[in-house]
Structures are given as structure tokens and as C-alpha cells.
């Protein structure tokens, strides 16, 4: 086994090309669908709103009856009634020339009517409606198929559902729909020095936090983490844990293992169980990252440092898990903010750097201050408001330069 | 009652000044704390990592023994053993001049040692360690209190917990902590034309989608929605529903009610039950928005159009609910992306406009195309990738102009 480290783009390209999307799906209630991924294109079963609707409070009329109306020379129409909200106006007599009927915002137009004159442009004297402005056909009318047409694509397969998508689905009466099964992601922690956070640590030991931060990041992707606990640095135990996780999960993450010994053991095991495609990525922090495929299941070895592990998850693991989960949107956090850099940051050409930054507002302008700390220090990520990526072909940024910070 | 419409800034300032944060709290397991708001400042109960640790694979040494080492003139040290991962090295004999001891990344330094020489800068011949480079004191050592110092503030009251914060808390052994109780937000739908989405609609009726999109938006804020169903447009029934919701919730949203009649009824009821501070905001869409306080509880009347309702939630309701929930971060979505505008968009001075836009990537550059549709059309929000705010003092944007789009 001999590996050259890859650039982040190369590592992502190779890894994503090996990963196939899960195809299992289930049908769920649309009210519980937030963040889930559609298994198939969804088409509208009907026109929405399904009838011509008024978009204003006013009067339904025949547009031609209002032509030429003005303050000086208003038109007079006969008020023949009022349409209630929710009333089926199709059974009303066809509106005739010279007639008008009261209607509220959202009310259904009666047969014959083709425009709304809004209340502010009229005056009512008993049952005589005085109209001061002409209305063209279609004025203040929402057409029956204006929102969705029957058979129109509402949302494509692979789309991740947002709040407004729930509105669109329920709007056309879709209350159940098919979504891809949530990804099950196994998380294995390695390291003889690790103890669970609720246990007492003795000198030389540290609490396992990577498996919990990784778990939280998996939840944020709307996938289901399955923890396999802390495995001691012994080849057989690690191999057994990986086998079990592969049998039960759709993807496996091996967290921790910062020492060369654990990394070597992980490499050996993955090389025997499957094929290793990435061993080392030219990013800082996060270089000692491993990507392997065991059958159709991706297995990723994460760096042992908490900061490296979390950043590698954002920039490398998230797109892989999103592709595996069937999502067509492979970027997890497009959330960016522009900021002015408070200090210059040098960066080595040929390596993608991800610098922790603290943001502050000064006179309506966002400023970013780099946080320098060892990637073992979780405090630096908790103090950070975002990450400033420095691409491999950029030799750092100057003080006062405008930069784009990824929030998280 | 006479109201001038307010600017968005004025409406937010008045409303936020009336709202007090909920102070009820509960103690929960840190593993379940994602998105919750801290009730109090959290301080570190101990130093982290708690002992001097190696940040590399190599050998613990007395730095002074390596001074002057070079390829041409290496220094020789006696290897006296190896520190295992997780081992309490404080009980080892103090490392003496001329000695070195093997150590892995994350291992604990023994007494006497003050630097690590990394494995790549050494050669081992039996128990003779040849060192080719000098190490200054502290080289590759993570100090005992470098991550967190005992008594240091980890996170302030009002902070919303992210994945990395879970790592910081668990890292210092905090497994339970006090968070503010999740906000209970009542949602009342009004409108005689509305039917629940699972029911069959007849002509003239429409499915109630606003209460579900609002519910999804409340969940996104990590608050708990409580639905009071669809209330018909009758004053007594609406008043009863508002009373019940006020008794059971921390804040109440009245959704729908697009017609003047319902708006008037809502205004009357809120004016009797409490005090109305905002009636109409100079935003498009979203003008017919009401803000009232009933006792210490904010009540907001949302516009009836689905698009208006969702946008008003993002720009006006979310900050109010976040302040009420005790969060110190009042902006819900700071997620922005810069884009080039595909069409010019005119906008009236004196009004904040929020334009739905569709984003696309063309040659690595993000383009934004405005979506023009009636604010009754939910399809336009489902097709949109984001919202382009046009501030009141800007008369629109020109084609090809660089703009900042808020994602959602």
C-alpha cells in the first residue's frame, strides 16, 4: 500500500464516484416530512387553487362594464349579492352585464365575472355600486391553475424538504408521500486513552468527545447515528466492531485513532475488508483522513483531533453521506457571511486551509478574527462562529481583505 | 384605534422592546442539548486536557538535551521506555538529563519532560535515540490548561447549542446542564374558506396550509407549536381560541384571516384582551401584520397569503420568538449567498421588499433570477432558493448587479 495525499477536490471526486445512493424508501405523513429527501418526483394531482379566486376585497364584475370609468365619469353597476368565503359560486346565476357581486380576498368568482374592482375604487349607494376606475380582464383574479397546474412537477426526486415545500404538498392535497429511508451511520471510537464523558477520568485519560460531536453532525444531516462505543486499540476488536457496523449500517465512521498505530491498524483492516481509495488529504486541519469502500458501503477514518474531525465532517464526510442518502444537494452548509479580516493569514499553496474565525459586528460591518489554537482544542471551535476556507491556490489573505466565512 | 403603518425596523424595535424572555429552565443531558438555549453561563469545572499531552508521535525529552542537535551533529539520548495511551505518567520516575521515553499523539508527559521530539527527526538504534533537530521547551506539547482553564467561561447564558458546543461541554465532563424551557407557541388558523389538508375540498374552499408552514417554521426555531385548528370567522369563536391559547402558550400566532373582516375582528379582540402596538408594516409582501401584547405574551396576526405569512415569520416573528425564548441571537437565518442578478428589480422607496429568487450556478458563479408571482402562490416559495431583501432606502437593483440573497 502506497498512497500520495490527495487534494480535497481530488479526494471528494474519487470518493463521490464510488458512493451509490441508498434506494430504500418509505411513505410518511407530509406533516412529519421536514428535512427528509423525496424518493420520486412529485407531481400536482390537481389545479391549485382549483377555481378563479379574488386576490382583493371588492366586487366581481364583467371587466367590459368598467371600461372608461373615471372619477369624473364613474360607471354604475347593480349589486346583486355577496359571495361568502368558502362558498361554491359555480352554482350562482351567471353574472350579467351591469351586475356586480361582493367578494372578499380569497373568495370564488361566480360564472361570467372576469375581474375584481377593489373596494377602495368604488362607492356603494344602497344596491348601486359606483366604480371610479376601469378593471382589465383578470384584474385581482388568481386563475384556477395559477399556483400549480394539474400534472406539473412540484418537487424533484432527491430534494430535501423545507417548510415551504410542506405548504406546496399540502396545498394540492398530498398528505402522504414517499421519502428515502434515513441513512444509518455507524460511529466507532478508537483510543486506549478515551473514557465515556460521564465516567471519571484519571491522569493520562481524556473524555471521548469526537463520537458525540460526530453524532450531532450526523443528526444535523437528518441521518441516524448508531454508536458502537469506544474500541480499544487492538486490531481484532477494531475489526470486529467494523464488521458489526458494516452489517448494521449504510455507512461507517471510525472516529479517533490519532496515533500512527491506530491509523495503521485502521488502514490494514479496511484494506482487508474492502478497498482504500484515500489515505491523507492535503487539508489543514484534517490531513489523516481515510476513505474506503467495503462492498457498497463507504467507511471513513476521521482524524483524532476534535477540531480536525469536525471540519473534515463538514467538508468531506457530509457530501459523501448526503450522496449516499440520495440527496441531490451535496453541500451541507451554504451559509456564508462576508466579513473584513482583522489579521492577515498566511497559507501554504497546494493545501486547503480551514481557519476558525470569530465574527463581530462593528458599525454594521462584520469583522472576522482568526482563532489560532491546536486542532486538539475543542474550545477553539466552540469560540468560533465560522470557518474561513483558504483554497489551495491562494497564499493566504491580507489584513482588511474581504473574505467569505462559512457559518456553523 | 388609528394606526400608521411602520417600517420593518420600527415595528421590530417596538415589538422587541415589549417582549420579555421566558425564564423557566430545566436540566437536561448534554447529549440531547442540540439547538437548546443555555439558561446560565457555563464555566469549566477543571483544566482541559488536565495534564501535559503530546500532540505528535515521538519521544518526550528534556528540551535542553536537544540544543545544538543537527543532521551533522546529532544528540544521543537513552530510551528508557514507552508511555502507553491513557497511562498515568505522573507515577513514572522523573525523566533525567540524557533520557528519552516513547510517546504517542495524546499521551501524557512524564515528570521532568518538557518537549517532544517528533519521530521523523530521530533514529533509534537499540535503546539509543539519535536526535537530529533541537526542540524548544513546549514543542509539540499541549499544556494541561491550554484547551480550558478551571473557572473559564465556556459558553454564555442565551447561547444556542451547536455540535461543537456539545464537544466543549462533554470535554470538561459536563454531562447535565440547565437550558431554558422550549417555547410553546400557539397557532390559530382563521378563515371560513379553509379546510384541513386531509379533507376533500369543494369549489370555493382551499386547504389550510399556513398553519402547517408556520408549525414547521416554529420547529425550525426549536420551539414547540401547539395547534388550535381552524376557527371560523366569528368574533366569539376567535376570542375563545385566543383566550385558550394565551392560557396555555408563551406566545400566540393567528394565521390566515386575509379578508378585511377577519383582520378587523382580530384587531378588536386583541385591543380588548391586551394592547396592539403594530398594525401594518411597510414590507412587501406582508403588510397586514399585527403585533399585540396580552399580559406578558406576544400575539402576532400573520397575513393570510402563504408567501406573506412565511416571509413575515422569517423577518419579524422569528426575532420576537427568539427573544421570548431567551436566545441572545435574534436572527434566525444568517445564511447568505452572493449572486449576480439576472433581471433588474424595481422597488418602491420607503418599503422593505422581499423578492423570491431562484439560484443557479453558471461557471462557478451564482446567478439569482427573481420569481414573480402573487403572494398567494405557495409554488413560488417552493420554487425559490432564497429571498432577496431590498431595503426601504434602495430603489431596486439593476440587472447584473451583485446582490446578497438570504437562503431558506
Over 27 Å from the mean Cα position of the chain (by Cα) and crowded, with 17+ Cβ neighbours inside 10 Å: is that true of residue A:375 in this structure? yes
So residue A:115 ticks every box in (1) away from every other protein chain (no Cβ under 11 Å); (2) within 13 Å of residue A:132 (Cβ to Cβ); (3) within 49 Å of the chain's Cα centre (by Cα) but one. Which box is left unticked? (2)
Does region B:160-179 hold any residues that are away from chain A (no Cβ under 14 Å) and either surrounded by fewer than 20 Cβ atoms within 10 Å (Cβ to Cβ) or under 11 Å from residue B:222 (Cα atoms) (or both), and which are they? B:178
Looking only at region A:384-407, filter to residues that are outside any loop (DSSP other than H, G, I, E, B) and facing another protein chain (nearest Cβ under 9 Å); which one of those is nearest to residue B:171 (Cα to Cα)? A:407
Quick check on region B:335-351. Is at least one of its residues within 14 Å of another protein chain (Cβ to nearest Cβ), over 28 Å from the mean Cα position of the chain (by Cα) and within 27 Å of residue B:220 (Cβ to Cβ)? no
Of all residues making up region B:125-137, the number that are over 14 Å from residue B:68 (Cα atoms) and out of contact with any strand residue (DSSP E or B) (no Cβ under 7 Å at 6 or more places or on another chain): 2
Hey, any hits in region B:351-362 for a residue that's without any contact (Cβ under 8 Å) to a residue 12 or more places away in the chain, in a loop (DSSP other than H, G, I, E, B), surrounded by fewer than 18 Cβ atoms within 10 Å (Cβ to Cβ) and not assigned by TED's automatic domain parsing to the domain that holds residue B:207? no
Scan region B:94-108 for residues that are more than 10 Å from every other protein chain (Cβ to nearest Cβ) and either out of contact with any strand residue (DSSP E or B) (no Cβ under 8 Å at 6 or more places or on another chain) or at pLDDT below 95 (or both) and report the count. 3
Residue ID - surrounded by the fewest Cβ atoms within 10 Å (Cβ to Cβ), chosen from residues in region A:1-56 that are under 20 Å from the mean Cα position of the chain (by Cα) and in a helix (DSSP H, G or I): A:32
For region B:116-144, how many residues are under 20 Å from residue B:47 (Cβ atoms) and buried (at least 18 other Cβ atoms within 10 Å of the Cβ)? 5
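The values are calculated or read from the model by the stated rules, or taken from the named source; none is laboratory data. Computed from a predicted model, the values in this text were never measured in an experiment. Counting neighbours? That spans all protein chains shown, and the Cβs are built from the backbone with ideal geometry, glycine included.
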